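Written out below as structure tokens is the structure these notes cover.
The values are calculated or read from the model by the stated rules, or taken from the named source; none is laboratory data. Quantities reported herein were computed from a predicted structural model and do not represent experimental measurements. Cβ: placed from backbone, ideal geometry, glycine included. Neighbour counts: every protein chain shown. Surface accessibility is based on the protein's heavy atoms, side chains included, excluding ligands, DNA and RNA. Shrake-Rupley method; radii C 1.70, N 1.55, O 1.52, S 1.80 Å.
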Amino acid sequence: MVSDTLAMTAQLALIKEIDGTITSASPDRRSKILGKITDLFVEGANEFAGEDISIFDDVFVRLVANIEQSARELLAKRLAPIRNSPPQIIRALAFDDTVKVAGPVLIQAVQLDDKTLVEIAKTKGQGHMLAISQRAVLNEPVTDALVELGDREVLINIVDNFGASISRTGFSTLVRRSEGDDMLADLVGSRPEIPAPLLGALVAKASLAVRAKLEAAHPEAKAEIHRAVTEAAGRVEARIASPLFDYTAAMAAIESLKQAGKLDEGVLAAFAKSGAFAEVTAALAIMCDVPLQFVERAMTRDQSENLVVLAKAIGLSSSTVNEILLLRAKRGFLAQLEIAQRLARFNRLQFGTAQEIVRLHRARPQRNPSMPR
């Protein structure tokens, strides 16, 4: 024990001596010194406290002022998991503009308080927020900032992180931002602590597939959900009733093909390949026997699974679905990068499940039918 104490005293004396040479050292020399000081701290971290930590802190902060990024990255990785790492260097690393430096600290360092994390969320970029969203514990002030400012990946991390506490304000923001996004809506609705009124609002905006999941997951909120759905139905359908295209001619042409017995997948695929957007939309509506405004929304306005559900329900092949998705992308209604994801969802979806979802939609009363059926 005496030998350990003497060794620690000698190490601290060495640090003080090195501290005096920092000002004149070159960046390369600083990096080498930093490595040795880090080794000393990591090896004795369990024994250091108080003034010892302050000495290390001062040296670390001064050393990182002018060193290369790779050295800062290594320092962050080594200090982040240590519970008594010097607080000022942890803060400095957390505010580093480079996510590779800040990330490990933002994810693991327990020294960062809510105020600091909120400040970083508000002043840094999405990469920093993504790292914060992966912390084992997140308090409501932090999640409030992240769900308001973060991108989709940040939101998914938050709702999928059950160490994250979400306030009513946070849930309200998540419900608003999950509209048209089935995956996010499903995750938000799966949180057991979501307030019933907000769950109802979420379900009212969700696709049929997600709505069925959420109603099953929250049987105790069934009355609230149904009331919200009823109130929202009129508003939603009124909003989507105005078409982006004139479908009159397209509907007439598709009806003629149907009457002649010529409306099939091959015709639909040909329309998609030729870029005939209105004809594809009209054909899907008639082949699925659902209102045109529902298909028009699935084609142009939402990011949900409604389109792949319709396609699966009538037995379309993945190649035809790919052509339809490419058509949406060409018109700017879908990002090219999302096509593979939608196809994967289509391939996973069961035929019987899709048919049941479409059957449920057909059974819903339709309001304000301002578009041709």
Determine if the range 316-328 includes at least one residue that is surrounded by fewer than 20 Cβ atoms within 10 Å (Cβ to Cβ) and in contact with a Ser or Thr (Cβ under 7 Å, 6 or more places away or on another chain).
-> no
Could you tell me which residue of the range 329-359 is least open to solvent (accessible area, probe 1.4 Å), considering only residues that are farther than 20 Å from GLU265 by Cα and polar (S, T, N, Q)?
-> THR353
Open to solvent by 30 Å² or more (accessible area, probe 1.4 Å), in a helix (DSSP H, G or I) and out of contact with any Lys or Arg (no Cβ under 8 Å at 6 or more places or on another chain), is that true of ALA121?
-> no
Checked the range 124-161 for anything more than 27 Å from GLN88 (Cβ to Cβ) and open to solvent by 10 Å² or more (accessible area, probe 1.4 Å); matches are GLU148, ASP151, ARG152, GLU153, ILE156, ASN157, ASP160, ASN161
Can you pull out the helices (runs of 4 or more DSSP H) entirely within the range 258-318 that have at least 2 residues that are in contact (Cβ under 8 Å) with a residue 40 or more places away in the chain and among the β-branched types (Val, Ile, Thr)?
-> 306-313
What are the residues in the range 99-110 that are over 18 Å from VAL154 (Cβ atoms) and open to solvent by less than 50 Å² (accessible area, probe 1.4 Å), if any?
-> VAL101, ALA109
Failed condition for GLN88, given (1) among the polar types (S, T, N, Q); (2) in a helix (DSSP H, G or I); (3) at pLDDT below 90, with all others met?
-> (3)
